[in-house]
């Protein structure tokens, strides 16, 4: 009877946590089609990035913190991933630091010679449902009227995984398709 009760409790927990439209693959990535929130963030230099600035692109967004050991461990792979995107106009890497003061993040970025802008993202993490670090999102801004969060992974990721997700989205084609001709 105890085992049956335990299975029932686990089943209820899983049912309560289930979100319609969310599929988690064997690779730990969630496949989604959730509306992306509008946002505005500033980098360490004070430059502003708005969601609208990303129209026509796919964005790999990394939410992280300097005190997060897995975040720090995966940083060299993310630097390599960012460098692999050089010259691309259709894919961007966004580094969203959260939970810390600008001075702490700036010191970290300088010490680790991060080649990409780091944005202070405390104000936007709730809109994206960020509850743990690191968290990666792949957001499709190709249809600027309907940006979508397409993939999510809570935990570390490799550059190869990120490239595979981007490749899958690019294979789908753009979000905007030509309308059929009227007779």
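Return yes when residue 41 is over 18 Å from residue 154 (Cα atoms), at pLDDT 95 or above, in contact with a helix residue (DSSP H, G or I) (Cβ under 8 Å, 6 or more places away or on another chain) and part of a strand (DSSP E or B) and no when it is not.
no
Regarding region 55-63, can at least one residue be identified that is in contact with a helix residue (DSSP H, G or I) (Cβ under 8 Å, 6 or more places away or on another chain) and either surrounded by fewer than 18 Cβ atoms within 10 Å (Cβ to Cβ) or under 11 Å from residue 95 (Cα atoms) (or both)?
yes
Can you tell me which residues in region 101-125 are buried (at least 16 other Cβ atoms within 10 Å of the Cβ) and in a loop (DSSP other than H, G, I, E, B)?
Result: 114, 116, 117, 121, 124, 125.
Would you mind telling me which numbered condition in (1) touching a helix residue (DSSP H, G or I) at 6+ places or on another chain (Cβ under 8 Å); (2) at pLDDT 95 or above residue 119 fails?
With respect to (1) touching a helix residue (DSSP H, G or I) at 6+ places or on another chain (Cβ under 8 Å); (2) at pLDDT 95 or above, residue 119 is out only on (1).
The values are calculated or read from the model by the stated rules, or taken from the named source; none is laboratory data. This one's a predicted model, so the numbers in the text were calculated from it and none came from an experiment. Glycine gets a Cβ as well: all are built from the backbone with ideal geometry, and neighbour counts include every protein chain shown.
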